[in-house]
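Participant: Quick one: the structure is below, questions incoming.
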């Protein structure tokens, strides 16, 4: 098991769990700093959290730069997908620098493996790449971005995330379109389908995607389940903040809706 990766994902999961649990308590106590607010909020959820110092506003970039995350993911994870496919079926090998990096991350190049592990990793990389292609297409042709912003640290983290998640998949095996018009940029209460049950079904769907990948890699794959735990707490924090935004700004917001997981949370 890639120990370094497992520890890193576990640490990230713990950090987001701590933010999820402590944020409401710290906010009630009035000890939440502007910097902390900027690091956990983005887009519409930055509204209503008080006036931020000018120097913090200098460290923000447009939320539409989310598109860059999926450009990086399509390119990087596509590159890994091609490399793994060539290794498995065409007698090629991964570049030596990738092999060295993955050995450093904890994968033993001599460890015992099976054909099913190789196929699972290849399939998960393919699904991750297709997911990134879909999200990139949505950002380019479907999503309507307002003037929301994200912190530069969040932006850099997002870029690194999709590089890290593809590399985590690779470490599991040894190293040998819309025509609609924009009506308004203001936010409104969403209805229909999963929105009838939760405020953020897209975050819940993201979690399900990673759970399905974990099932394909096997229940014994502790490292990828650490990734799932990170995604769970990361998306839960974002969902709670969005849920609070809707409740605060829309007095008629449905009270039966959960924030993240239908009927649960």
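The values are calculated or read from the model by the stated rules, or taken from the named source; none is laboratory data. Fair warning: this is a prediction, and the values are worked out from it, not measured in the lab. Ideal geometry is used to build each Cβ from the backbone, glycine not excepted, and the neighbour counts take in all protein chains shown.
Participant: State which residue is modelled with the highest pLDDT when the search covers only segment 180-197 and only residues that are part of a loop (DSSP other than H, G, I, E, B) and in contact with a helix residue (DSSP H, G or I) (Cβ under 8 Å, 6 or more places away or on another chain).
Facilitator: It comes out as 189.
Participant: Right, here's the next one. Can you tell which of 231, 227 is within 22 Å of residue 37 (Cα to Cα) and not assigned by TED's automatic domain parsing to the domain that holds residue 123?
Facilitator: Sole residue among the options that is within 22 Å of residue 37 (Cα to Cα) and not assigned by TED's automatic domain parsing to the domain that holds residue 123: 231.
Participant: Where in segment 32-150 are the helices (runs of 4 or more DSSP H), entirely inside, with at least 3 residues that are more than 30 Å from residue 243 (Cβ to Cβ) and either in contact with a helix residue (DSSP H, G or I) (Cβ under 9 Å, 6 or more places away or on another chain) or modelled with pLDDT of 80 or more (or both)?
Facilitator: Passing ranges, in order: 66-89, 96-104, 115-141.
Participant: Please go through segment 246-265 and pick out each residue that is surrounded by 11 or more Cβ atoms within 10 Å (Cβ to Cβ) and over 20 Å from residue 17 (Cα atoms).
Facilitator: 246, 247, 248, 249, 250, 253, 254, 257
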